[in-house]
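The values are calculated or read from the model by the stated rules, or taken from the named source; none is laboratory data. Worth saying up front: this structure is predicted, and the values here are computed from it rather than measured. Cβ coordinates were reconstructed from backbone atoms using ideal geometry, including for glycine residues, and neighbour counts include every protein chain displayed.
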Amino acid sequence: MTPPFRFLQIAAMVLLASLAGCGHGPRSGAPIAGCPDGTVEYLSVTESGEIEHKEGKFLELVDRKDHKLVIVDLWATWCGPCRMLGPHLEKIKKNWGDKVEVVKVDVDKARDISVHMGASSIPDVRIYRNGTQVSDFVGVMPYADIESLLKSLK
């Protein structure tokens, strides 16, 4: 490889690395206002205590002003770690009931939302209160750690 070409190759890699860090990405304090709306799933607990997946509008579920914590799970059906995290979030909904909302955004079905939120790795979990992001994590987190995180945000 000739030296000038090598320099261009390195410059291109540096540029791509810097662009990969652009976008909204996980960050506390980010408001949800301005995010595209769309149909997503949310978890509900039936009278018999079973988890039910329902459809709702993303902004109605997340941009609320009632101080309720809203967990937004950016995931995909083909993602193994996402499928591992799912039961933990269902257990959170069962145990916390109406104290939390769990919203599931399939990144393949709600591409506008996931792109706006800058989800580059999944599962990507954002936690909102009053329409503002208060915490986040990427990857699978044990149930006890998720619960501790939520308790710290009460």
> Inside the range 34-54, can you point out the residues that are more than 15 Å from the chain's Cα centre (by Cα) and over 17 Å from Arg111 (Cβ atoms)?
Replying inline: Ser44, Val45, Thr46, Glu47, Ser48, Gly49, Glu50, Ile51, Glu52, His53, Lys54
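Please pick out the residue among Glu60, Glu147, Glu47 that is farther than 20 Å from Ile32 by Cβ, out of contact with any strand residue (DSSP E or B) (no Cβ under 8 Å at 6 or more places or on another chain) and at pLDDT below 95. Spell out how you get there, then give the answer.
Values: Glu60 fails: farther than 20 Å from Ile32 by Cβ; Glu147 fails: at pLDDT below 95.
Only one candidate qualifies: Glu47.
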>> Among the residues of the range 107-134, what is the count of those that are buried (at least 21 other Cβ atoms within 10 Å of the Cβ) and not β-branched (Val, Ile, Thr)?
In response: 9
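Suppose the filter is of a type in the set (A, V, I, L, M, F, W, C) and modelled with pLDDT of 95 or more; does Val125 pass it?
yes
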> Which of the residues belonging to the range 121-141 are touching a helix residue (DSSP H, G or I) at 6+ places or on another chain (Cβ under 9 Å) and free of Cβ contacts under 8 Å to residues at least 60 places away in the same chain?
Replying inline: Ile122, Pro123, Val125, Ile127, Gly139, Val140, Met141
> Could you list, in sequence order, the residues of the range 29-43 that are outside any loop (DSSP other than H, G, I, E, B), surrounded by 15 or more Cβ atoms within 10 Å (Cβ to Cβ) and of a type outside the set (Asp, Glu)?
Replying inline: Val40, Tyr42, Leu43
